[in-house]
1. When only residues in the range 505-545 that are in contact with a Phe, Trp or Tyr (Cβ under 6 Å, 6 or more places away or on another chain) and part of a helix (DSSP H, G or I) count, which is modelled with the highest pLDDT?
2. I need a count of the residues in the range 477-493 that are open to solvent by 20 Å² or more (accessible area, probe 1.4 Å) and assigned to a strand (DSSP E or B).
3. I want to confirm something. Restricting to the range 546-563 and keeping residues that are part of a loop (DSSP other than H, G, I, E, B) and open to solvent by less than 70 Å² (accessible area, probe 1.4 Å), which single residue is modelled with the highest pLDDT?
4. Residue by residue through the range 436-465, note down the ones that are assigned to a helix (DSSP H, G or I) and open to solvent by less than 40 Å² (accessible area, probe 1.4 Å).
5. Quick check on my filter: what residues within the range 293-318 are open to solvent by 50 Å² or more (accessible area, probe 1.4 Å) and of a type in the set (D, E, K, R)?
6. State all residues of the range 439-486 that are within 60 Å of the chain's Cα centre (by Cα) and hydrophobic (A, V, I, L, M, F, W, C); if no residue qualifies, say none.
7. Is it true that some residue in the range 40-63 is open to solvent by 70 Å² or more (accessible area, probe 1.4 Å), under 27 Å from Glu110 (Cβ atoms) and not in a helix (DSSP H, G or I)?
8. For Val286, work out the one condition from (1) open to solvent by less than 60 Å² (accessible area, probe 1.4 Å); (2) touching an Asp or Glu at 6+ places or on another chain (Cβ under 8 Å); (3) of a type in the set (Val, Ile, Thr); (4) more than 21 Å from Met248 (Cα to Cα) it doesn't fulfil.
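The values are calculated or read from the model by the stated rules, or taken from the named source; none is laboratory data. Computed from a prediction, not measured in an experiment: that's the story for all the values here. Backbone-built Cβ (ideal geometry, glycine too); neighbour counts: all protein chains shown. Heads up: the accessible areas ignore ligands, DNA and RNA and are worked out on the full protein's heavy atoms, side chains in. Shrake-Rupley method; radii C 1.70, N 1.55, O 1.52, S 1.80 Å.
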Amino acid sequence: MKRRFIHIALIAVTVSLVIALALAVPLVMRIYSRDIQTEMKGTLVLIASDEEQMERDPVEFAIARGDMLRVDDREIRLTILDRDGMILADSHTADRYSEADEKEIAQAIEEGWGFDIHKSSRTGTYCYYAAYDSGNYIYRLSLEISQIAYAMILIGLSCIVGAAAGIVVAVLLSRYFARRSAREVHTLAKVAKKAASGDLTVRARMDEDSGELRDIGNAVNKMTKALARKNRELSAANDSLNAILQGMKDGVIAADGEAGNIIILTETAQRILGGSPQKGEPLETVGPNYAYVRDVMNRSCAEKHPVQCDFTIAGSPEKTVSIWAAPLRQTEGAIAVIEDVTHVRALERMRRDFVANVTHELKTPLTSIRGYIELLSSGNRDEQTARQFYEIIEIEAQRLANLIDDLLELSSIEQTNTRPKAEEISVAQVAREIVEQAAPMAAKTGVQIETDIPPELTMRMMRKHLQELLMNLTDNAIKYNRPGGQVYIRARRGTGMTVLSVSDTGIGIPAESVDRIFERFYRVDKGRSRELGGTGLGLSIVKHIAGLYAGAVQVDSVLGEGTTFTIRFPDAE
């Protein structure tokens, strides 16, 4: 490792110095050339500023200024020309000739300044020329290229010597430093590898004289301790969050903002939406329900605020799902809360139907009562007609009273959150009481009621509830029976339960109505039901009483042959 460190250091230093040298030499030379150009421009402007003195004696002026420009071994020549390019004076010769065709002169006349490198016609050497047009005269300075090249060569050699010295120093320092640092670096590498693999208990032990590496070792130790602590905190937070999310009755889905990959998916969300997607999968590819959720998420991200909507999942039974989605600003993704609102929407629909139905059911007898009262009060009626009206009013009033009683009974049962206090009651005795109460109505149509209940059979429930249940089932069995039909009330002990059943030989229930007969105010034959005085709440009361004791109601019916209601009550614990 030490040799590798030395080699790498040497290579890095050498390459760096070579690159620096390669970049520095042209740059320094370019800067030097620019400095020369700037210096010559400043000199020309300064010379041109003393134009009045120059006009008195151009030759003397040029020689004097030329002597002033001579520094050490660098000799700069000054030439003064008129705007036609004719030499007026020169610091090195008294010759008079035209240089109007020189590039720097033409450029100065056109642009104010002119620069060029070309061979001097007088000396035969290459010079660097700078010309300045003051408006009246042209001032030109020239410097032999050899003088510039000599300076640049010295600069280049200085850079090369400096680079070589740097390489030598780097070799010595890298060898020295490598010997001291190899062991500490190796230790730090081992600690880093173990920490990267998940072992956050490892610590780096450094010598007191390790210098910066000791600081790095201490920093690594602090980092591993902090990571271990954060890892424990994060693990605990993740466990808590996962427990909270999994314990929610609503499902939760979170996805990132790019491909819509699943970040969080709770079991509840999976149960509601179906399928078996895994974390990391795109929502669009795991099923249509998840694709719809992704669309809602995208909408919330686009609108930058929460979005709520419902959609229906086809199936048996059909489900209504509510989605609430909101953007996640830090990850540019979104989170969605999924709620199965099938039951809630059904209850809302039932509430609306109940309000409409109860209003209708109350309005019908009230309208009839008001109508007959108006008829009675509108004029003198004979006694027989008045008696008929009073009888009708009494029937409608009784129907209204029955409806209110049933509503109160149903409300009382629904408001009972726990199983009511029960008593041990004889099923046969309650059945005999129901038969006696129903006997007058059964006699009108010739319906016979038979019971088959063991005398010793008992149940633990409120007597009132068992009476209400059997009375409603028996009342329906008589009303919807054929003349001369039969009604059977049976009860028996099963395995861990008591089974009650009420059968009739009546008109039966159409198959499409069997699932709805327990709804409030639902009637298979509305006209006949109202004619017989039914409120449409009897079977709903039966179902709620059965549910109050964890019982289940089963309906078996054959149209034109009869119906059997079977209720199974589990034994009370």
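1. Lys543
2. Summing the residues that are open to solvent by 20 Å² or more (accessible area, probe 1.4 Å) and assigned to a strand (DSSP E or B) in the range 477-493 gives 5.
3. Among those that are part of a loop (DSSP other than H, G, I, E, B) and open to solvent by less than 70 Å² (accessible area, probe 1.4 Å), it is Gly551.
4. Ala438, Ala442, His465
5. If the condition is that a residue be open to solvent by 50 Å² or more (accessible area, probe 1.4 Å) and of a type in the set (D, E, K, R), then Asp295, Arg299, Glu303, Lys304, Asp310, Glu318 are the ones that fit.
6. Passing the criteria: Met459, Met461, Met462, Leu466, Leu469, Leu470, Met471, Leu473, Ala477.
7. There is at least one residue in the range 40-63 that is open to solvent by 70 Å² or more (accessible area, probe 1.4 Å), under 27 Å from Glu110 (Cβ atoms) and not in a helix (DSSP H, G or I).
8. (2)
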